[in-house]
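Worksheet for the structure shown next.
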Amino acid sequence: MSNPADLLFTKDHEWLDVKEDVVRIGITEYAQDELGDIVFVDLPAVGDELTEGDSAAVVESVKAVSEIYAPVAGTVTAVNTDLEESPELINEAPYSGGWIFEIQIGEGAALKDTLSMEEYETSLKEA
Amino acid sequence: MSIFDSSAVGRRAYRFPDLDVPEVGLDELIPREHQRQSPPGLPEVSEVEVVRHFTQLSRKNHGVDVDFYPLGSCTMKYNPKINEDMAALSGFNRLHPYQTENTVQGALALMHDLAGYLSAIAGLASTTLQPAAGAHGELTGLMIMREFQRHRGDEQRDEVIIPDSAHGTNPASAMMVGCRVREVPTDSRGGVDVSALREMAGPKTLGLMLTNPNTLGVFDENILEIAEIIHQVGGLLYYDGANANAILGMVRPGDMGFDIVHFNLHKTFSTPHGGGGPGSGPISVSEELTPFLPYPLVTKTASGYEFFRPAQTIGRVKAFYGNFGVLVRAYAYVRTIGADGMRQISETAVLHANYLMRRLQKSFYLPYDRHCMHEFVLSGMNQKAFGIRTLDIAKRLLDHGIHAPTVYFPLIVDEAIMVEPTETETKETLDRFIDAMYAIAAEAEANPDLLKDAPHSTPIGRLDEAAAARRPVVRWEASVEDEA
């Protein structure tokens, strides 16, 4: 497994790419492999106000339907509209073309309980 | 092949007789703007081609009349043909729903008695036969729970507690009645985590929805304590009867403390299942919930059987009287089996499941290793090491002429394989299934590619499920030449 080392991770198998106060979110290689072929992604709308832990998007595969949670409170600033036509991008390139949405961290909010790549990979081995 | 491929211009199987009534122009019946401008794209075929086409299609299908169908949680038991004979009696199948009560006394007697049998099996006071399926029964049950709580001034109750192993319909039904879902975890033995439940239950609790035995095929021995926790905080217990095939004549949900039970007649009571059924999901309720049942119910009076409307009814939940033809089949089943036979159904179903589980455990991982009830859940974890997933195992079974078990459910078991053999199979059939599963486990190690491309012997090979979901073709459309 080759999780890019400069990303942060959550225990819900999401990856976070933090650029100043904007976080880009997707699911990990492990998550896409467990889900199997992804057939539909329900994206949030740009401008949606989310609180931490809100269901922000829904990823539907041939096996299961999974929710993608907001890792932090804030405002949705971008969504990957390519996924509407090509949800398989999440399977093919989970860390690049398969990103799902971006959120601008809200005032007074901060990311917490994130994992480094090493910590995330260790958590997978323990599971 | 589509039936349109057999079509030839002018070929026909039927000719209308000469018109023996005055002709009326189409324009007088249907305004011109609502008439279609081109002929409909219908196939032009002879009768024998129609018969052969659909017979061929049926031979490509799998059903319980063809071979073993161990689809977990679905209870794909054999449906005795006497049920069909009874449902075909003209006294039942030629009735009109608007006939007056005095002309349908036999049908009303059947509904009255079937409701009584189900109440007795549930250990509860009364039963409505209206809901058209299990999930419809859940919705009706939850509506009754809400109405009951409203009547006693407990309107703030809007939380339904549901285990993480539950059927997906449970949380969906709770959402449909405007409730919030609280998910209670499963303990290490596969039952409800009682201490977590104790913390969740409170003045907001409308009730708990529980399947017992649950989707792991495990009977929750803490059920009396669970019932007490919910009742103490003023909540109600809803029994999802999807797994009722395990408890007939052995234990009654009412005695476990449940207030409402739904039965899936199309599972437990051998009525047609799959392909649209239709289903039927009667619910039985306790004495205190009886006034809230949907109407009409059937009662027996000195002058015969009559419909009546319970005092605080939630109203109608279906047009007319439920799926009546299904009720006739279930009634025939109950009367054929009898009270003694009911218990034997469950004893045999449980024996079959335990036999399969213990033998399959040699090749497949068993996450909850304890006696099961009518079904059990294996995991494809052992085979995952060879790059084989549960889906590949399921597809390979089709090459043995056996329907796949339920896969990837319940969600709390990784690579789940959920097997429910039912009571109607012979030991030879069970052994053939075991041999097929052993052979597949060996192939997973020796020749994994064979499994990844399976099935190889069915009319259609491995389907591209992703494409089917992303770009479904859901109706036939005439090509330009067909329209011409």
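So, in the stretch B:387-427, how many residues would count as being under 11 Å from B:Pro455 (Cβ atoms) and aromatic (Phe, Trp, Tyr)?
0
Quick one: which residue in B:Lys362, B:Lys395, B:Lys318 is within 30 Å of B:Arg146 (Cα to Cα) and among the basic types (Lys, Arg)?
On the way: B:Lys362 fails: within 30 Å of B:Arg146 (Cα to Cα); B:Lys395 fails: within 30 Å of B:Arg146 (Cα to Cα).
Of B:Lys362, B:Lys395, B:Lys318, the one residue that is within 30 Å of B:Arg146 (Cα to Cα) and among the basic types (Lys, Arg) is B:Lys318.
Pick from B:Gln99, B:Gln130: which is assigned to a loop (DSSP other than H, G, I, E, B) and surrounded by 20 or more Cβ atoms within 10 Å (Cβ to Cβ)?
Working: B:Gln99 fails: surrounded by 20 or more Cβ atoms within 10 Å (Cβ to Cβ).
Just a single option satisfies the conditions, and that option is B:Gln130.
Restricting attention to the stretch B:232-249, does a residue exist that is part of a strand (DSSP E or B), surrounded by fewer than 19 Cβ atoms within 10 Å (Cβ to Cβ) and on the phi > 0 side of the Ramachandran plot?
The answer is no; no qualifying residue exists.
Collect the residues in the stretch B:298-320 that are within 16 Å of B:Ala107 (Cα to Cα) and touching a residue at least 24 places away in the same chain (Cβ under 8 Å), keeping them in residue-number order.
Across the stretch B:298-320, the qualifying residues are B:Val298, B:Thr299, B:Lys300, B:Gly304, B:Tyr305, B:Glu306, B:Phe307, B:Phe320.
At positive phi and either surrounded by fewer than 15 Cβ atoms within 10 Å (Cβ to Cβ) or within 14 Å of chain B (Cβ to nearest Cβ) (or both): is that true of A:Gly74 in this structure? First the steps, then the outcome.
Details: at positive phi: yes; either surrounded by fewer than 15 Cβ atoms within 10 Å (Cβ to Cβ) or within 14 Å of chain B (Cβ to nearest Cβ) (or both): no.
No; evaluated as a whole, the condition is false for this residue.
I'd like to verify a number: residues in the stretch A:96-115 that are at pLDDT 95 or above and surrounded by 18 or more Cβ atoms within 10 Å (Cβ to Cβ), how many?
Of the residues in the stretch A:96-115, 7 are at pLDDT 95 or above and surrounded by 18 or more Cβ atoms within 10 Å (Cβ to Cβ).
Output the helices (runs of 4 or more DSSP H) that fall wholly within the stretch B:397-484 and possess 1 or more residues being within 25 Å of the chain's Cα centre (by Cα) and within 14 Å of chain A (Cβ to nearest Cβ), or say none.
B:465-470
Consider A:Lys63 against the criteria (1) within 14 Å of chain B (Cβ to nearest Cβ); (2) basic (Lys, Arg); (3) assigned to a strand (DSSP E or B): it satisfies all of them except one. Which criterion is unmet?
Condition not satisfied by A:Lys63: (3).
Of all residues in the stretch A:69-86, count the ones that are at pLDDT 95 or above and within 12 Å of A:Leu43 (Cβ to Cβ).
7
If only one of B:Ala135, B:Ala120 is over 21 Å from B:Leu248 (Cβ atoms) and among the aliphatic types (A, V, I, L, M), which one is it?
Selected residue: B:Ala135, the only one of B:Ala135, B:Ala120 that is over 21 Å from B:Leu248 (Cβ atoms) and among the aliphatic types (A, V, I, L, M).
What tally of residues in the stretch B:357-386 results from selecting those that are over 25 Å from the mean Cα position of the chain (by Cα) and in a helix (DSSP H, G or I)?
Counting residues in the stretch B:357-386 that are over 25 Å from the mean Cα position of the chain (by Cα) and in a helix (DSSP H, G or I) gives 7.
Within the stretch A:37-44, identify whether any single residue is modelled with pLDDT of 95 or more, away from chain B (no Cβ under 14 Å) and in contact with a Ser or Thr (Cβ under 6 Å, 6 or more places away or on another chain), and answer yes or no.
no
The values are calculated or read from the model by the stated rules, or taken from the named source; none is laboratory data. A quick note: this is a predicted structure, and the numbers were derived from the prediction, not measured. Methodologically, a virtual Cβ is constructed for each residue, glycine included, from the backbone with ideal geometry; neighbour enumeration extends over all protein chains shown.
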